[in-house]
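Asker: Sharing a structure with you now.
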Amino acid sequence: MLGTLLWLYLTPLFLLDADTAEAPPVLEKNKARETDKDKEKMTAADETSPAQLQSHDLEKTMLQEVWVHLHDFPKCFQSLVIFHNPDTYPHYSQKSQFKSYIASRGAATTQPSVVGSTNSAASGKLPESSGATHMQGSYEKCCDFLFVDNLLPTEILISFSALVHWGGTKDENKECVSRAGVLTAQPFSWKSIESQLPWIHIQTSACKAAILSLPPGRHVFRIHMMAPLGFHLQVCSMAPFVFGGEEEVMPHLDKESLRFSQQALLVLRALGGVVSSFSDPQELPSASRVLEEALCPPLHSKVANREHWRVFNEAVYHMFCSVLGRKLTSEELFAVQALTGDPIAQYSNTKDTDTPSADGAPEVSSKRQATEQEKQAATILQAGWKGYLVREILRAAKPGSEENQKVSQTLLEMWASVESDAEKHAESLLRYMITNNEQTMELFPCKEDEWTRITFADYSVPVPETTNSWMLIFREVFHVSKPLLLVPKMYSPLRNCLLHVINNETGEELPRVFNRVEPRIYTPNKAGYTFLAEAYSEDTPVIGGKWRMRLIGSQHPLPQLAREAPASTFAVKQFKGYYVPNEKNIICRHAVKVTCDHVATVQFQTSNANVHIKLSILDHEKEVASNQGKGHVIIPIYCFSASNGVLNPLVYKVKVKRNQTGLSLSLIFLT
């Protein structure tokens, strides 16, 4: 049965069980016809020999109708070909990309180019020497992204058709087998540099399809497509999805996932049930149990359980303040304390600064140390006030009392503002809990969706038009308000572009992986972080273009620019000369005089790309900054101080392999 091709039409007929199945009317008619034919055959069989009768009975037994369950039916074949109709899927997307060979009469070479794409998308890689899509080797390559967010399991049909060179001879046919089209779909996150194993791998020289089965939740897949001459991709599903480049997919990841929103609404509705039944002694206990089930408190530790409820109480107070757009009044604050049973919320509502009293009472100096008697008195007052407040809260939380009626009315008035935009405030409530308690996320099933959640901001500057092969494109300082995971990403019209990130507090440059700054946690500091981009144009003139940097983080707020807009022009001072061999292998020394503090970038390069260089900045013959390179070296950032008026010379040391090596030195100062 190897290589058998089955044209299979799936109908409800195969869903019938072998024991309880009843034949459809069409089959009943066919059976009646077969019965008449059998009678005619039996009449003719009376005139036949016994050997012929035996052969006829054996053939009838082999052709006897047998009902097979649908799950067992495919097991009868080694190869099944199932045809899918894209028109039956409500959600559909496609992408095509081909080569065109333009041959001229006077040249035998061919020039590949992209001639068509039904779904253009920006790839995650740096564009090469121009903004157009470039060929890599002899294959047509493309990278797109697939975004799915669903509360139910999802099945996505991916059909990949590859256009290959079939060949005319045996050798060409053998070659085309090893150069088939390939498609891979692997989970992807912009916050990680780890490559995941592909969930789908299609390799074909014609057309092939596969089903991508996904569990409930939010998923992002990076789809790589590669074919010698071109390809055509079809993506179909019964559930909504987004297929395209980064610009189409990334904006959807800034929103909360459907499972997150569902869990947040579940918590908010449970809290609303407590508010609505706060004065009902029969409904309040059941509403409180529903709220507890929705919050999924940890049961393995009393400390974790107590911390979980503390953060939830703070989140409720924060939500009401956000809804009303102001601080809570004393009645509203007491109502929230009665709702949560937590008197601690009062301290977050009192942030008044010390002001002199109106009656002229003397101000107490903050530098004076409190005596032991004053500390003991304050402790007694605080304990007494807390005990009184707890008793008032317990009395107000008891249905039937006069205080409970007032608190219930206040809560209902506040809750009406919450219900005006329930989804927004529900997400804010749950997000506050997760932000202030990392263990909270582990309690909910939506924790798996956080891996793909991102937020981003773009900063762009024009590429300077210059004849120099090296140029400084971007240099700005960003400040971080709180620790967050950050990934910088570049989009440049220049092929050779490198990004540096320097911690201004320590002067250290953050490490890179494959010439890309690795994802890491950025912690707040006073001096901030400098992001610097340099580019090399390979001695070809640069004609305009836009350079863009995208900061990708896991949450808001992202790092803030130190100024209103990034600078795009720099003051450049350049020195050129020739190296004269000497015992100390010193190429040159230059003195820099400054009248005010200057932040500068120093770059040095030689005409021989194999020369090992060490670039140093000396202050009174003491090395304060240095860097090493091969044929090219850069000190990304250094602040020249004008405290002494003059700095000692810059010293460049280089080991050369030839007697003369042309060199070029560029000192770039930010104006």
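The values are calculated or read from the model by the stated rules, or taken from the named source; none is laboratory data. Bear in mind the structure is a predicted one, so any value in this text is a computation, not a measurement. Positions of Cβ are generated from backbone atoms using ideal geometry, with glycine treated the same way; all protein chains shown enter the neighbour counts.
Per-residue answers, yes or no, for (1) in contact with a Leu (Cβ under 7 Å, 6 or more places away or on another chain); (2) surrounded by 19 or more Cβ atoms within 10 Å (Cβ to Cβ); (3) in contact (Cβ under 8 Å) with a residue 60 or more places away in the chain:
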{"site": "Ala210", "(1), (2), (3)": "no, no, no"}
{"site": "His219", "(1), (2), (3)": "no, yes, yes"}
{"site": "Ile223", "(1), (2), (3)": "yes, yes, yes"}
{"site": "Met226", "(1), (2), (3)": "no, yes, yes"}
{"site": "Cys236", "(1), (2), (3)": "yes, yes, yes"}
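Asker: Just need a number here: residues in segment 535-562 that are over 19 Å from the mean Cα position of the chain (by Cα), part of a strand (DSSP E or B) and farther than 23 Å from Val599 by Cβ. Give the steps one after another, and end with the answer.
Answerer: So the first thing to find is which residues in segment 535-562 are over 19 Å from the mean Cα position of the chain (by Cα), and the list is 535-547, 560-562.
Within this subset, residues satisfying the condition of being part of a strand (DSSP E or B) are 535-536, 546-547, 560-561.
With the extra rule that they be farther than 23 Å from Val599 by Cβ, the set shrinks to 546.
Going through segment 535-562 one residue at a time, the tally reaches 1.
Asker: From Leu532, Leu615, which residue is part of a strand (DSSP E or B), in contact with a Gly (Cβ under 8 Å, 6 or more places away or on another chain), surrounded by 16 or more Cβ atoms within 10 Å (Cβ to Cβ) and at pLDDT 80 or above? Steps first, please.
Answerer: Working: Leu532 fails: in contact with a Gly (Cβ under 8 Å, 6 or more places away or on another chain).
None of the others qualify; the one that does is Leu615.
Asker: Return the residue satisfying two criteria in turn: it lies in segment 450-471 and is under 13 Å from Pro566 (Cα atoms) and hydrophobic (A, V, I, L, M, F, W, C), and of such residues it is surrounded by the most Cβ atoms within 10 Å (Cβ to Cβ). Full working, then the answer.
Answerer: Taking segment 450-471 first, the residues under 13 Å from Pro566 (Cα atoms) are 458-463.
From what is left, the residues that are hydrophobic (A, V, I, L, M, F, W, C) are 461, 463.
Details: Val461: 19, Val463: 21.
In this case the residue turns out to be Val463.
Asker: On to the next question. For a quick check of your reading of the model, give me the residue pairs whose first member lies in segment 568-584 and is farther than 17 Å from Val594 by Cβ, whose second is at pLDDT 80 or above, with beta-carbon atoms closer than 6 Å and at least 6 apart or on different chains.
Answerer: Ser568/Val461; Ser568/Pro462; Tyr579/Ile587
Asker: Let me ask something else. If I ask for residues that are closer than 17 Å to Glu438 by Cβ and outside any helix (DSSP H, G or I), which ones from segment 285-333 would you list?
Answerer: Going residue by residue through segment 285-333, those that are closer than 17 Å to Glu438 by Cβ are 295-298, 300-301, 303-312, 314-315.
Matches in segment 285-333: Cys296, Pro297, Pro298, His300, Ser301.
Asker: Just checking, does segment 243-258 include any residue being outside the structural domain of Ser417 (by TED's automatic domain parsing), more than 30 Å from Phe456 (Cβ to Cβ) and surrounded by 19 or more Cβ atoms within 10 Å (Cβ to Cβ)?
Answerer: no
Asker: If you don't mind, there's one more thing I want to ask. Can you pull out every residue in segment 392-415 that is hydrophobic (A, V, I, L, M, F, W, C) and modelled with pLDDT under 90?
Answerer: Ile393, Leu394, Ala396, Ala397, Val407
Asker: Separate question: State all residues of segment 370-419 that are farther than 19 Å from Ser288 by Cβ and among the charged types (D, E, K, R); if no residue qualifies, say none.
Answerer: Glu372, Glu374, Lys375, Lys386, Arg391, Glu392, Glu402, Lys406, Glu413, Glu419
Asker: For Ser417, indicate whether it is part of a helix (DSSP H, G or I), surrounded by fewer than 17 Cβ atoms within 10 Å (Cβ to Cβ) and not basic (Lys, Arg).
Answerer: Working: part of a helix (DSSP H, G or I): yes; surrounded by fewer than 17 Cβ atoms within 10 Å (Cβ to Cβ): yes; not basic (Lys, Arg): yes.
Taking the combined requirement at face value, the residue satisfies it.
Asker: For the list (1) within 19 Å of the chain's Cα centre (by Cα); (2) over 28 Å from Arg431 (Cβ atoms), I need the number of the one condition that Glu518 fails.
Answerer: (2)
Asker: Within segment 293-306, is there a residue that is of a type in the set (Lys, Arg) and in contact (Cβ under 8 Å) with a residue 24 or more places away in the chain? Step through it out loud before you land on a result.
Answerer: Applying the first criterion (of a type in the set (Lys, Arg)) to segment 293-306 yields 302, 306.
Within this subset, residues satisfying the condition of being in contact (Cβ under 8 Å) with a residue 24 or more places away in the chain are none.
No, because not a single residue in segment 293-306 is of a type in the set (Lys, Arg) and in contact (Cβ under 8 Å) with a residue 24 or more places away in the chain.
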